[in-house]
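Scroll down for the structure; my scribbles are underneath it.
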Amino acid sequence: MDSDDEIEESSKWKGRPGTIILINALEDSSVTAVAQEASCRLIRQYLRSSSAHIIGVTIYGTEQTKSAFNTSNVVDIFPMNVPTLDGYKKLRAANIESYGKAKELILSEVLWHCSKIFKNCNKTLSSKTVIILTQLNNSPIETDRERTLKRVIDLAESYTEIKCINISMNDYPINPFYQKFLIEANKSKDYILPKAIWDSKAIETLMYIHSHRHLAVAKLCFEIGNGLSIGVGVYSLLKSSSQSHHKTSKLDKETNEVVESVTKTTKVTIGSGNSFPKDDNDIKEVPLLKSELLFYQEYGGERIEFTEKEKKAIENPFGPPMIKLLGFKPATILCKEKWFLKSSYFIFPSESVIEGSTIAFKALHKACTEMNTVAICILCTRVNARPTIVALVPCTNPLDLDIEIGFDVIFIPFIENVRDIPAFDNTDQNIVVENAHKVLMKDMLTSLQFDYKADMFENPKLQSEYRAIEAKSLQEENMEPFVDTTKPNLEKFQDIRDDLFEELFGPFGVLSIKRSKNENESSINTKKVKSEDINEDELQEKISNKTVDSYTITQLKNILKNKSTSEVPAMTGLKKNALVNLVYKHCK
């Protein structure tokens with residue numbers, strides 16, 4: 001993996017994200033079943049990616065009490081920890097109805113229980129999130145409402161995000177208490193009332209968005225001019241499927257123990273300062289210091305040596321990580337699909353780097369949008385990363401995210417990366433395209449058009465791997481079936497004319513023509529056969545002697561084409577026996 005593909009975490013992001021999922025047991029059994037299914041799906045996704053995300057599941061509003069801090073009417077399915085197979089099985093097998101229902105809802109104790117869990121977590125947390133799965137129509141008892149709002153304020157001040165997911169089949173008027181609840185949870189910022197949602201897959205996606213921490217690849221200074229810089233954060237919106245964090249180990253075939261390999265950098269020294277060792281005891285291996293390591297590159301048959309400091313200076317003469325503005329170009333010269341060299345980044349202003357960057361960033365975004373231009377910059381995300389030329393394209397709401405403005409970072413190649421493609425002279429070839437074929441291709445392109453979204457297709461290789469591993473580990477009979485979403489929809493091809501399609505692209509299957517290994521010889525032979533004139537007397541003699549099958553398929557087709565009668569049918573895809581019968585029928 002190249003160094004510029006790695007994600008660099010800032011020191012203040014040190015730790016792991018922590019999430020507590022709260023399921024309301026006072027709701028109907030159908031609501032709790034959907035919440036339980038969505039939670040299981042979320043944990044399964046973390047198991048698949050071997051994520052270090054710390055997660056816990058708690059049920060509140062129960063008659064029983066089974067919690068680490070003896071909080072009343074609270075049952076901890078499993079405490080906060082890295083997702084494990086045992087925790088998933090425990091959540092899957094849990095019967096929420098068996099815990100009973102409390103007589104009244106006391107939400108302040110539940111939030112206080114969450115704060116205790118975060119405080120007593122034995123791992124460093126980079127983010128804290130509480131996700132409540134419930135309906136927003138039943139408020140706590142009247143004596144507990146004020147205490148609940150105070151708990152929400154305390155959690156918000158301790159940088160804990162509180163998210164509510166409204167699980168319901170139909171829309172309904174939300175209780176006014178939860179409007180105050182959301183105001184305090186969002187620190188009096190603008191918020192959107194959660195819409196009713198019932199699908200467990202959609203709930204899982206929403207929970208993943210709420211619990212995921214959006215780490216910046218780098219936080220840099222955007223140098224616009226001399227003495228003018230703004231702070232920006234560079235984000236990667238797409239996760240590469242090759243970035244797999246699965247722990248794989250090689251096992252010994254007989255003992256089933258993990259095979260480990262150790263790499264040591266040592267140097268050989270001779271004891272007592274002798275130029276020649278007297279025995280093996282004088283030869284010793286000692287660790288090699290990092291300052292003693294040398295790097296080299298072969299050039300002209302010689303090894304050119306570098307120290308580590310010289311190597312870094314050669315690899316990155318650009319300087320410290322930053323973005324430098326080179327100039328502006330019209331947006332018409334850039335096509336994001338054409339210049340797709342690697343997954344693009346996304347730039348967003350960062351007040352933590354330089355205060356006041358948001359105002360200057362919005363001004364730059366507005367100017368580029370109104371003047372229909374893109375900014376050409378040089379980007380270096382890390383100290384040991386190679387600088388690249390990029391274009392900053394203004395955009396809004398990337399991937400339907402709730403982000404107002406930003407810039408897409410499109411990578412542009414250097415002149416050394418561009419290949420000269422030789423131009424082919426096609427003036428000698430007179431290609432005639434029939435109108436029927438034009439209409440056919442136009443109808444195909446029109447019928448196959450659709451609005452693309454990133455969540456429409458799943459990676460079949462990864463999904464099949466997940467199913468195979470889960471079948472062995474979970475040993476469940478009713479496993480989720482694997483559906484290949486990359487298969488084309490056959491219904492869209494039903495209205496296409498078969499005869500024109502086969503004439504343009506066919507024949508297919510058994511009727512397809514097998515090409516010879518030497519294409520040059522086959523093309524020469526074909527041209528010779530086409531140029532040869534079929535002797536009419538010889539043809540009639542072979543017809544009378546029933547020896548027409550001595551002709552090749554190409555010769556038989558030429559014979560039938562020369563007849564040019566309306567009675568001769570289309571010959572596309574016909575075998576040799578059928579062509580011979582047509583010659584007997586139409587060429588007597």
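General observations
- Pairs where the first residue, in the stretch 76-100, is over 17 Å from His53 (Cβ atoms) and the second is of a type in the set (Phe, Trp, Tyr) and part of a strand (DSSP E or B), C-beta under 9 Å, 6+ apart: Lys90/Phe78
- The residue that is most open to solvent (accessible area, probe 1.4 Å), counting only those in the stretch 142-164 that are in contact with an Asp or Glu (Cβ under 9 Å, 6 or more places away or on another chain) and of a type in the set (A, V, I, L, M, F, W, C), is Ile153.
- Filtering the stretch 289-310 to residues that are in a strand (DSSP E or B) and within 19 Å of Lys264 (Cα to Cα) leaves only Phe295.
Results for (1) modelled with pLDDT of 85 or more; (2) not in a helix (DSSP H, G or I), shown as yes or no for each residue.
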site: Glu97; (1), (2): yes, no
site: Val110; (1), (2): yes, no
site: Phe118; (1), (2): yes, no
site: Lys123; (1), (2): no, yes
site: Lys128; (1), (2): yes, yes
site: Ile131; (1), (2): yes, yes
site: Asn138; (1), (2): no, yes
site: Leu149; (1), (2): yes, no
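- Residues (more than 18 Å from His113 (Cβ to Cβ) and open to solvent by less than 80 Å² (accessible area, probe 1.4 Å)) located in the stretch 165-183: Ile165, Asn166, Ile167, Ser168, Tyr172, Ile174, Asn175, Phe177, Tyr178, Gln179, Leu182, Ile183
- Residues in the stretch 231-245 that are farther than 14 Å from Pro321 by Cα and surrounded by 16 or more Cβ atoms within 10 Å (Cβ to Cβ) were compared, and the one that is modelled with the lowest pLDDT is Leu237.
- Applying a threshold of 7 Å to beta carbon distances and a minimum spacing of six or more residues, or different chains, the list of pairs starting in the stretch 527-550 at a residue that is at pLDDT 80 or above and ending at one that is part of a helix (DSSP H, G or I) and loosely packed, with under 10 Cβ neighbours inside 10 Å reads Lys542/Ser550.
- Scoring Glu308 on the criteria (1) farther than 22 Å from Arg386 by Cα; (2) open to solvent by 50 Å² or more (accessible area, probe 1.4 Å) leaves a single failure, condition (1).
- Conditions (1) free of Cβ contacts under 8 Å to residues at least 40 places away in the same chain; (2) more than 30 Å from Leu215 (Cβ to Cβ); number of the one not met by Ala156: (2)
- Contacts under 9 angstrom Cβ, first residue in the stretch 318-336 being polar (S, T, N, Q), partner open to solvent by 40 Å² or more (accessible area, probe 1.4 Å) and not in a helix (DSSP H, G or I), 6 or more apart: Thr332/Asn372
- Set Phe318, Phe328: member being at pLDDT 85 or above, closer than 20 Å to Cys377 by Cβ, aromatic (Phe, Trp, Tyr) and surrounded by 12 or more Cβ atoms within 10 Å (Cβ to Cβ): Phe328
- Enumeration of residues in the stretch 446-490 that are open to solvent by 50 Å² or more (accessible area, probe 1.4 Å), under 27 Å from Ala93 (Cβ atoms) and among the aromatic types (Phe, Trp, Tyr): Phe482
- Just so you know, in the stretch 111-123 the residues that are over 14 Å from Ile153 (Cα atoms) and touching a strand residue (DSSP E or B) at 6+ places or on another chain (Cβ under 7 Å) include one that is most open to solvent (accessible area, probe 1.4 Å), and it is Lys123.
- When the criteria are applied in full, Gln449 fails the requirement of being in contact with a Phe, Trp or Tyr (Cβ under 6 Å, 6 or more places away or on another chain) and modelled with pLDDT of 75 or more.
- Only listed residue being among the β-branched types (Val, Ile, Thr), touching an Asp or Glu at 6+ places or on another chain (Cβ under 9 Å) and in contact (Cβ under 8 Å) with a residue 12 or more places away in the chain, chosen from Ile167, Ile174, Ile132: Ile167
- Residue satisfying all of: in the stretch 172-226; assigned to a loop (DSSP other than H, G, I, E, B) and small (Gly, Ala, Ser); farthest from Ala385 (Cα to Cα) among these: Ala196
The values are calculated or read from the model by the stated rules, or taken from the named source; none is laboratory data. All figures in this text were calculated on a predicted structure; none of them were measured in a lab. No Cβ is skipped: glycine too gets one built from the backbone with ideal geometry, and neighbour counts run over all protein chains shown. For the accessible areas, the whole protein counts, side chains as well, though only heavy atoms, and no ligand, DNA or RNA atoms are used. Shrake-Rupley method; radii C 1.70, N 1.55, O 1.52, S 1.80 Å.
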